[in-house]
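Peer 1: Take this structure first; my questions come after.
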Amino acid sequence: MWRKEELKQQDAEPMAPTISGTPQVSTTSSAPATGSPMPVSPRAVACITQGIRIKGDIIGKEDLFVDGSLEGKLDLGNASCTIGPNGKAKADITAREVIVRGQVDGKIDGTDRVQLWNSGRVTGEVRTERLAIEGGAILRGKVEAGKPRTDGSESRTKKGAASSEKSKDNVEAGSRAAVI
């Protein structure tokens with residue numbers, strides 16, 4: 001049975017002839033060796049690379065790296081979503097962890113955490129338990145940070161005051177960022 005990784009490796013590398021007649025994969029790499037880190041998250045199982053444009057809903061359970069254009073709805077459940085530096089998403093994003101290095105217009109619901117890098121730009125609502133914003137990142141819209149309340153006995157005014165206090169406790173900021 002073939003494996004996806006073996007097929008990708010065979011397609012990427014030239015075949016070397018052998019005496020027995022069965023081809024073997026060459027061990028030399030044709031990829032250029034640059035000192036810069038890969039733009040793709042090492043944890044991402046799937047990638048939407050630069051130059052790919054998707055309109056519609058995406059539903060999945062694996063980590064996703066988006067460096068292209070996305071318009072619609074993105075629901076990854078308990079997985080991680082990274083919007084790369086070239087990524088542009090006009091979408092409502094739901095995932096366990098959302099990392100924004102590019103541009104997002106829409107609602108972000110990171111059940112565990114949302115992180116905005118210095119190159120990240122978000123316009124819309126952000127709802128998460130933990131929020132980290134690096135200096136230089138842009139966030140315009142409504143933010144709800146902290147654990148959601150399950151007790152319904154408090155009045156709305158008390159909830160509003162308590163949630164704003166909790167938000168301050170759960171916001172991480174870079175060395176040059178303002179704390180919300």
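Peer 1: Could you calculate the FRET efficiency of V45 with T150 from 1/(1 + (r/R0)^6), where r is the beta carbon distance between them and R0 is 41 Å, rounded to 0.05?
Peer 2: Numbers: r = 33 Å, r/R0 = 0.80.
Efficiency for this residue pair is about 0.80.
Peer 1: Just the Kirkwood number for region 54-102, please: inverse of mean 1/r across all distinct Cα pairs, in Å, one decimal.
Peer 2: Values: mean 1/r = 0.0972 Å⁻¹.
Every distinct Cα pair counted, the radius reaches 10.3 Å.
Values in this text are rule-based calculations from the coordinates and carry no lab data. Please read these numbers as outputs of a predicted model, since none were measured by experiment. So basically every Cβ, Gly included, is an ideal-geometry build from the backbone, and we count neighbours across all protein chains shown.
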